[in-house]
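Written below as structure tokens is the structure these notes are about.
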Protein chains: 4
Amino acid sequence: MSSVMEKEGVSLEELKKRMAEFAKERDWDQFHSPRNLLLALVGEVGELSEIFQWKGEVERGLPDWEEEEKQHLGEELSDVFAIPLKLCKGSSKKHTLLDLDKSNVNSDIAAGAAMDQGHQQ
Amino acid sequence: MSSVMEKEGVSLEELKKRMAEFAKERDWDQFHSPRNLLLALVGEVGELSEIFQWKGEVERGLPDWEEEEKQHLGEELSDVFAIPLKLCKGSSKKHTLLDLDKSNVNSDIAAGAAMDQGHQQ
Amino acid sequence: MSSVMEKEGVSLEELKKRMAEFAKERDWDQFHSPRNLLLALVGEVGELSEIFQWKGEVERGLPDWEEEEKQHLGEELSDVFAIPLKLCKGSSKKHTLLDLDKSNVNSDIAAGAAMDQGHQQ
Amino acid sequence: MSSVMEKEGVSLEELKKRMAEFAKERDWDQFHSPRNLLLALVGEVGELSEIFQWKGEVERGLPDWEEEEKQHLGEELSDVFAIPLKLCKGSSKKHTLLDLDKSNVNSDIAAGAAMDQGHQQ
């Protein structure tokens, strides 16, 4: 297997299946307990932060970034993205993943919008 | 719009499109600078960690968790999952998102497997 | 006990001793396993990030922040600060805590300085 | 300067002063904006997590860790510890750093203790 996402048209279901096979072939499931995966996620978010840490505010679309840096960013984002897909085994089947109306991200953004009028960049 | 993922068959492309529309309708794009999104991701990972922090090691599949807790976990995972999809605007087009062979997650796991033989739970 | 740091002249040794007594009186040591504490730290860093997440770049010294927000920041910083002091039980006695010449923070900053000339805010 | 903490009897005030001098000598203050420091903290917490990520639950005092690993842990903890001291410039002077009675860490632990009776390791 070379790449699971030749196009972004791949479904989440397909991604999860491919990742499960990939881990199984390598006998890595033994490491994928919930808290091991969670700490791995924290590590990956840390690596993502290291890309941005000394830059001050960064423009949307990263117009002045080198191609190499954008590549690095894409890799770290993939890592951050993959772990929640593995962690969600066992979370409620009733919850619809990425239900935007209920998402805390969105309510947080709404709250932030109300609170920070005039402060945001 | 009530839910973007009635089924996991939804594609990443579709998810990104729906999230973009959702933010646009609410005029939230003004808040979605790269470092704002990154710190929001850190906040969401923090909320995810709070679910697991005082539990000691947790069994795969979460067999003894209450339905409410699993629901909460599903919501937090959705939040963590959504932000990298927004952040990847500007990362390299050449990088194939979730290319498992190149992913650091996987090389880290391989390294971990080699190093921790005999230590893992 | 009302406060361990009436003045910043308190020593780290004294802080650690007071925190240990505080936890012991409440029988909280049972929760303070290394990975529990680590996840608690991640949760606290998440709360710290939530203070900053929708603000865009923030001026040093926080000149335009409300007193209430500065108070909140101080509380979250205390939490982030306290956990490493508890976690360091078991880390090498030979390592001198906060040895600035060896610290990765500093080598990272040095690397950042070299790499980001012209990019930083 | 070789080491700021020959003994843990060093005070926080002294630590902050030494760190400020260290940064000033190297002209690093230009990088130390609040959100830069915050992302650096996230990066350091990520490195700390990487030490623990594939281990499953870890015993207090780390009895079966190699000296080298303990050394590494000590270094990462120093980094995590140092950044909040730099970030607290601007947080409220009225807040007494590490006031244990008010700390969220402690109220979180209390809540966790009540909620997780029977679950903790």
Looking across segment A:43-71 at residues that are over 23 Å from C:K55 (Cα atoms) and not basic (K, R), the single one that is surrounded by the most Cβ atoms within 10 Å (Cβ to Cβ) is A:E44
Is it true that B:I109 is over 28 Å from A:K55 (Cβ atoms), at pLDDT 80 or above and part of a helix (DSSP H, G or I)?
no
Cβ pairs under 8 Å, 6+ apart or interchain, first in segment D:12-24 and surrounded by fewer than 16 Cβ atoms within 10 Å (Cβ to Cβ), second small (G, A, S), ordered by first then second residue, are D:E13/C:G9
A careful count of residues in segment A:36-58 that are touching a Ser or Thr at 6+ places or on another chain (Cβ under 8 Å) and of a type in the set (D, E) gives 1
Restricting attention to segment B:31-51, the residues that are in contact with a Lys or Arg (Cβ under 6 Å, 6 or more places away or on another chain) and under 22 Å from C:S33 (Cα atoms) number exactly 0
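Within the bounds of segment D:64-85, is there any residue that is without any contact (Cβ under 8 Å) to a residue 60 or more places away in the chain, touching a Gly at 6+ places or on another chain (Cβ under 6 Å) and more than 16 Å from A:L39 (Cα to Cα)?
Taking segment D:64-85 as the starting set, the residues that turn out to be without any contact (Cβ under 8 Å) to a residue 60 or more places away in the chain are D:64-81, D:83-84.
Retained after the next criterion (residues that are touching a Gly at 6+ places or on another chain (Cβ under 6 Å)): none.
Taking every residue of segment D:64-85 in turn, none turns out to be without any contact (Cβ under 8 Å) to a residue 60 or more places away in the chain, touching a Gly at 6+ places or on another chain (Cβ under 6 Å) and more than 16 Å from A:L39 (Cα to Cα).
Answer with yes or no whether D:Q121 is assigned to a loop (DSSP other than H, G, I, E, B), within 14 Å of chain A (Cβ to nearest Cβ) and at pLDDT below 70.
Here the answer is yes, as D:Q121 does meet what is asked.
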Farther than 27 Å from B:S11 by Cβ and of a type outside the set (K, R): is that true of A:F22 in this structure? no
Return a yes/no flag: does segment D:30-40 have any residue that is of a type in the set (A, V, I, L, M, F, W, C) and modelled with pLDDT under 90.
yes
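The values are calculated or read from the model by the stated rules, or taken from the named source; none is laboratory data. Because the structure is predicted, anything quoted here is derived from the model rather than measured. Glycine gets a Cβ as well: all are built from the backbone with ideal geometry, and neighbour counts include every protein chain shown.
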